[in-house]
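First the structure, then my questions, so here it is.
Each value in this text was obtained by applying a stated rule to the coordinates, not by laboratory testing. Quantities reported herein were computed from a predicted structural model and do not represent experimental measurements. When we count neighbours, we look across all protein chains shown, and the Cβ atoms used for this are built from the backbone with ideal geometry, even at glycine.
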Amino acid sequence: MAAELVPVQALQITSSEYLNALLILIAFMFLAKLADLIITRVMLQAARRTSFEFDDRLIEILHKPIFSSIVLLGAVQAVLYLSPPENVEFYLTNLLESAALLIWVAAIFRSTSLIFAGIGSKLIDVTGVGRELLPLLENISKAVILAGAGMALLSVWEKSITPILASAGLAGFAVAFAAKDTIANFFGGVSIFMDKPFKIGDYIILDSGERGEVVHIGLRSTRIKTRDDVLISIPNSIIASSKIVNESAPQPRFRVRVPVSVAYGSNIARVEELLKQIARSCEYVVSEPEPRVRFRRFGASGLEFELLCWVIEPRYKGRAVHYLNSEIYRRFAEEGIEIPYTKMDVYLYRRE
């Protein structure tokens, strides 16, 4: 049975108990309105003078639950004043207290979303957690709030939670055994969020050789899109235990290597200068670090060079290599630099 919070039973304003109960409710409604005016006219106005929007929105969320709670408290006191039969009093007061509890749970839910939206960027800067982890933390917080609200609601109705906890433990064991793969994927997703081997937008190469852009990191799986616009979904348990090559880390730029072979007798200095000019003329190649040319070896049919340059992002690798190869062929042809290729000369001799 709900405990009496204020000594309202001593009030005998009129000879009618029902009229006295109504006056009690009206008095609490007046107090609720007074508290609401103080919050909206004084506290909210003061909060709006600050440079932060967080306190304004938090007060806007909380002032309605405060008003409703005071009114519901007055309703509880009115019921207690009337002293109805024990079972009637039990259900009426518990219904009112349950309504107040649900109102505050809804307010706390909205406040949680506001808190994560307001401190999200600061939390990332301070702790270094990935932005993708914030929805997970928010959902876990709301789940904890919901579980606490359920236990409080059972307490209001004087229900023992011990059998429920025991049943939940057995059910949790059965569910965990049946969904071990899902749980493994969940913890794999948590490890990805915490370790941050890659993030959305990065280009990665899997153990199996697939290369693509990370487009989604979920609690169960990670999805990458290949250059053929094929979407690959990999369970997080496999991702967490695999070797992943991240082409976008630690810098977004990506180095490409273009092998070039020229005929023996070519002007080595001119070849090197032409390759650097071609690399600088490509819109996808960054100016810093500068493109480099290395004379690698004396090949079987030509001098083997390698052009090394850095493109803006891994996504432009294919376009950059296409442009560089096309320009190398065109410029070498203009300069008269021969690109050797495998060929066979056949000589015929006449026997006399």
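Would you mind checking the pairs LYS243/LYS317; LYS276/LYS343; LYS196/LYS317 and listing those with alpha carbons more than 27 angstrom apart?
LYS276/LYS343
If you take every residue apart from GLU213 with its C-beta less than 13 Å away from the C-beta of GLU213, what net charge results, scoring Lys and Arg +1 and Asp and Glu -1?
So the surrounding residues net to +1.
Strictly over 18 Å apart at the Cα level, which of LYS64/LYS159; LYS199/LYS225; LYS33/LYS64 would you flag in this model?
LYS64/LYS159
Rounded to the nearest Å, what's the spacing between the alpha carbon centres of the range 199-276 and the range 282-310? Just the number, please.
When both Cα centres are located, 19 Å separates them.
What's the extension gain from LEU31 to GLU335 if we count 0.36 nm per residue and subtract their Cα-Cα distance?
Full extension of this stretch gives 100.2 nm more.
How do PHE109, PHE193, PHE295 rank when sorted from fewest to most other Cβ atoms within 10 Å of their own Cβ?
Taking fewest neighbouring Cβ atoms as first place, the list is PHE295, PHE109, PHE193.
Please give the FRET efficiency for TYR91 paired with ILE232, using the beta carbon to beta carbon distance and R0 = 56 Å, rounded to the nearest 0.05.
Taking R0 as 56 Å, the efficiency between TYR91 and ILE232 is 0.50.
What FRET efficiency comes out for GLU138 versus HIS216 if R0 is 22 angstrom and r is the Cβ-Cβ distance? Round to the nearest 0.05.
0.80
Along Cα→Cβ, 7 Å out, is where each label goes; now give me the distance between the ones at LYS225 and VAL190 in nm to one decimal.
3.1
Same structure again: Net charge near ARG270, counting Lys/Arg +1 and Asp/Glu -1 over other residues with Cβ under 14 Å of its Cβ?
It works out to a net charge of -3.
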